[in-house]
Amino acid sequence: LEFRRVLFRSMATLDNSATAIDNDLRPTGAGRVYRGMNPDERAADRRARLMEAAMQLFGTKGLHATTMRELAAVARVRMDQTTAMYGSKEALFIELHKSLARDVRKAIAEDIIAKGTLPDDLRQVLKVALVTYFEYLRTHPQAARVLILEGGLLGLDDPTNVHAYIGKYVDPLRLHFR
């Protein structure tokens, strides 16, 4: 495939049809391949690097002490791409917070299922859920800071949001045990 690309590119000086042939070699909608990744894969890679950088910086320095430039530099993503993807560090923080909350809910649900907790024994379900939650926070201190300490800075612990926040943890359990 690489040989064909080189051959077609060298033919471009003789015939302008090389671009059309090269486009036929690419999967539909994939865009220009760079470093072995199409545009969608590169965007996903940038998002993953930004999420890792957000976890590192928000989890150690905090939301207000972190700048967008620091996030972009640690993630090795251009500033304009960072801004285009998230718009603000608060938007990136909220995305990280949601991702961590999903991880915690998944860990709780998996532990409840793995331990064979009976749905009728609400006390045991809550015990497993709480032990799993606090174990997660203990083993992931950066996540603990993002979920608990920094989350309050954006009103994620506002009393009006508490019911919705707790519901995110309890509702999946209710569905599972119906």
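Just so you know, all these numbers are worked out from the coordinates, no wet-lab data involved. Small disclaimer: the values here were computed from a predicted structure and weren't measured. Here the Cβ positions follow ideal geometry from the backbone for every residue, glycine too, while neighbour counts run over all protein chains shown.
Using only alpha carbons, build the gyration tensor for segment 31-84 and give me the equivalent ellipsoid semi-axes, biggest first, whole Å.
Numbers: eigenvalues 118, 21, 10 Å².
Listed largest to smallest, the semi-axes of segment 31-84 are 24, 10, 7 Å.
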Label model pair residue 52, residue 135: point-to-point distance (7 angstrom along the Cα→beta-carbon line) in nm is 2.7
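How much net charge surrounds residue 42 when only the other residues with a Cβ under 14 Å from the Cβ of residue 42 are counted, with Lys and Arg +1 and Asp and Glu -1?
Numbers: positive: 32, 35, 46, 47, 49, 76, 78; negative: 40, 41, 45.
Summing Lys and Arg as +1 and Asp and Glu as -1 gives +4.
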Two pseudo-spin positions, 7 Å from Cα along C-beta at residue 43 and at residue 67, lie apart in nanometres by 2.8
Distance in nm between residue 81 and residue 95 label points, each 7 Å along Cα→Cβ, equals 1.3
